[in-house]
Amino acid sequence: MLTEVDLTLSDVSGDQDSDHYPWPFAIVPVFLNGHGPFPFGVEIGRGRTMLTEAVVRAIGIDPVAIPEKLTLKGQACSLDFPLLKLRSLAIGAAELREFDAMVWTSPKITWEPVQERMQGKAQPIVTVHSSSKEETAAVGPEYRGILGFDFLKSFKVTFDFQEKKLRIEYRR
């Protein structure tokens, strides 16, 4: 089955359809649990699909009340983000059911003491890097989320930039 949707090209500053794309983003209409459409960026290099708190609230879910967590671990700290199990995520007729998406919030940070080698003293080390300006804009007001590889890998995806279309086919 083939579905085709309009593709909007935008840079992170929100200038749509300009001739110059300093950091282009392909925007597509996405439905979450039957609600929408919501504008989502498409980023094939991103492993996980991300939702903003605003879109989670728009579909009637309180982000704070999501029991599941996605933990990203570093050397000295862990970041916990809500992990929302959607009943469905769809672009046109291309739909996945029971799909897990990360909710982009301020993470809960936990840290473990790390032994300082030179002095033998345990010290908490936490380094949290804020998102870059570009990434913050990418999940800002003009976007409600980012489709990642976890969604796209289930389909054959074709970008037609000249026609400004995104074609999605189920794999056979």
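Considering only the range 60-80, state which residues are modelled with pLDDT of 85 or more and crowded, with 18+ Cβ neighbours inside 10 Å. Residues satisfying the conditions are Ile61, Pro63. Sub-9 Å Cβ pairs linking a first residue in the range 148-170 that is touching a residue at least 60 places away in the same chain (Cβ under 8 Å) to a second residue that is in a helix (DSSP H, G or I) and among the hydrophobic types (A, V, I, L, M, F, W, C), at least 6 apart or interchain, are Ile168/Leu152, ordered by first then second residue.
Beta carbons closer than 9 Å, at least 6 apart along the sequence or on distinct chains, pair a first residue in the range 2-29 that is farther than 21 Å from Leu152 by Cα with a second that is assigned to a loop (DSSP other than H, G, I, E, B) and at pLDDT 80 or above for Asp17/Lys164.
The values are calculated or read from the model by the stated rules, or taken from the named source; none is laboratory data. Predicted, not measured: the structure shown is a model, and the values here were computed from it. When we count neighbours, we look across all protein chains shown, and the Cβ atoms used for this are built from the backbone with ideal geometry, even at glycine.
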